[in-house]
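Since the structure comes first, as structure tokens, the remarks are kept for the end.
Since every read-out is calculated from the coordinates, none of them should be taken as a lab result. Note that this is a predicted model, so its numbers are computed, not measured. Here the Cβ positions follow ideal geometry from the backbone for every residue, glycine too, while neighbour counts run over all protein chains shown.
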Amino acid sequence: MKKLLASVLFLSLITPAHSFSLKLKKEDPFPACSSPDVVERILKRFNKTEEIYWEKRRLVLTTVKNRHIHSENPFKESQINRRYCHGDAVFENGKKRRIHFLIEEGAGFAGYTWNVEYCIHGLDPWKYHDSYCRVLSQ
């Protein structure tokens, strides 16, 4: 066993690091605000969070309508592509609320895919994204 470990260590020292890198194919392009994939992620996260933490509110998000971009890469010095989007969150009971969401490229798992953060007006009791979702309404 010690000889095996020593061999692996020796090979890792003499073999270029790039030969061990994973050959990953990027299959998840940076989506637009109107992308169905973005809405799907928002719906899953919101409804799961409601089920776990806020079941007394009995809210079920069904869709996000009127999705549009508000700004893109407002921080010019940033290396991360960002899209700040707005829309209308529509719930199962027919009510609508304003939603702000941010799509970030390279902010998903291990920096490989994209991520979405969202805030729905009046439904952020811990003010995670500020009282009026200002953090995501760039």
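General remarks:
- Relative contact order of the stretch 29-136, pairs being alpha-carbon contacts under 8 Å that are 6 or more residues apart, as %: 21
- Surrounding net charge for Leu61, when Lys and Arg each add one and Asp and Glu each subtract one, Cβ distance under 9 Å: -2
- Cβ-based net charge around Ser71, under 9 Å, with every Lys or Arg adding one and every Asp or Glu removing one: +1
- Spacing of the two label points (7 Å from each Cα toward its C-beta) at Tyr112 and His68, in nm: 3.6
- Among Phe91, Phe30, the ranking by other beta carbons within 10 Å of each residue's beta carbon, starting with the fewest, stands as Phe30, Phe91.
- The stretch 29-136: translational diffusion in µm²/s, Stokes-Einstein, Kirkwood Rh over Cα pairs, 25 °C, 0.890 mPa s: 171
- For the stretch 29-136, a crude dipole built from +1 on the beta carbon of Lys and Arg and -1 on the beta carbon of Asp and Glu, taken about the Cα centre, is about 400 debye to the nearest 20.
- 13 Å beta-carbon shell around Lys48, net charge (K/R +1, D/E -1): -1
- Over 22 Å between alpha carbons, listed pairs Lys56/Lys127; Lys44/Lys76; Lys44/Lys95; Lys48/Lys95: Lys44/Lys76
- Straightening the chain between Glu55 and Arg134 buys 25.9 nm, computed as 0.36 nm per residue apart minus the Cα-Cα spacing.
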